[in-house]
Amino acid sequence: MTDIGLHSVTGRPTWRGLVVPYLTVWSGEQIDLTKRPFAYLTGDDGRERLSIAHTEGSALAADRVLLEQRDGFGLLWFSGLNNPGVGEPLWAQVHGLRQRECMVGRHCQVCGNPFPSGRPVTFLVPEQDVPKDCGPFETPHPPVCDTCRPWSLMQCPHLREQATFVWVTARAYRPTSVLADLYIRDRQTLGISEDLGVTLPLGHDLLRYAVVKQLLVTIRGYTVERAQRTGFAWQGDRP
């Protein structure tokens, strides 16, 4: 029997007593990419671009499908299905489109609710990712709202593995890079070479061969508070 409930504070589904974040992938959302349901379409500029079918094993029949899957940056996203709450949570996996929604729309990664317009947002990131001089840095981790802060610290298995992590509060940030898998086809041999888990800046030429999985943003002009797992106590800003 599946143990799924609803948390009264965050409004998120729970699994065996644990809050399941909005961006977590569920087993009912998975699609197997190992069967390579790819197509390579040539645009009006004569440049080849990758496309992908969301139905396992099927081939794409029209450019319409390609256009529907690319976002405003021209990126091809792979997210699997959108069935949160179906099956079991896959804690270590991030749903690409929901992660992008949180980054672009300023939504909390735990409850999925938007931050108030004009208000600063807070990110929970490993301390090692933040420069000692508080200079700009990139992160794939979407914001966390005040209500969901305790649940992030207390329950997320990924965060529990970090030796030290911090709250970064910023008024502004912007998308700068993506985490993607590259499937580059040799147009002579038609062989496909894979390069998985690559970080590329927006606008890079190889992104036309990329299946994007996460959006990275650059944060500037922020303050830092150190978070502790027990007691949820703050130790002040980074000097």
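General remarks:
- Residue check for residue 138: charged (D, E, K, R), closer than 18 Å to residue 217 by Cβ and at pLDDT 75 or above: yes
- In segment 123-141, residue nearest to residue 202 (Cα to Cα) [restricted to those that are in contact with a Lys or Arg (Cβ under 9 Å, 6 or more places away or on another chain) and surrounded by 20 or more Cβ atoms within 10 Å (Cβ to Cβ)]: 130
- Members of segment 166-198 that are hydroxyl-bearing (Ser, Thr, Tyr) and modelled with pLDDT of 90 or more: 169, 173, 176, 177
- Of the set (1) surrounded by 12 or more Cβ atoms within 10 Å (Cβ to Cβ); (2) in a loop (DSSP other than H, G, I, E, B); (3) not β-branched (Val, Ile, Thr), all apply to residue 183 but (2).
- Residues being modelled with pLDDT under 95, part of a strand (DSSP E or B) and aliphatic (A, V, I, L, M) - total across segment 199-223: 3
- Answer from 133, 129, 146 - the residue that is within 18 Å of residue 223 (Cβ to Cβ) and out of contact with any strand residue (DSSP E or B) (no Cβ under 9 Å at 6 or more places or on another chain): 133
- Segment 87-112, residues that are more than 17 Å from residue 212 (Cα to Cα) and without any contact (Cβ under 8 Å) to a residue 40 or more places away in the chain: 105, 106
- Selection of segment 40-93 for residues being out of contact with any helix residue (DSSP H, G or I) (no Cβ under 6 Å at 6 or more places or on another chain), polar (S, T, N, Q) and modelled with pLDDT of 70 or more yields 42, 82, 93.
- Neighbours by Cβ (under 7 Å, 6+ apart or cross-chain): first from segment 162-181, within 22 Å of residue 225 (Cβ to Cβ); second among the polar types (S, T, N, Q) and part of a strand (DSSP E or B): 167/122; 168/122; 169/122; 169/223; 173/218
The values are calculated or read from the model by the stated rules, or taken from the named source; none is laboratory data. These numbers were taken from a predicted model, which means no experiment stands behind them. Every residue, glycine among them, receives a Cβ derived from its backbone with ideal geometry; neighbour counts consider all protein chains shown.
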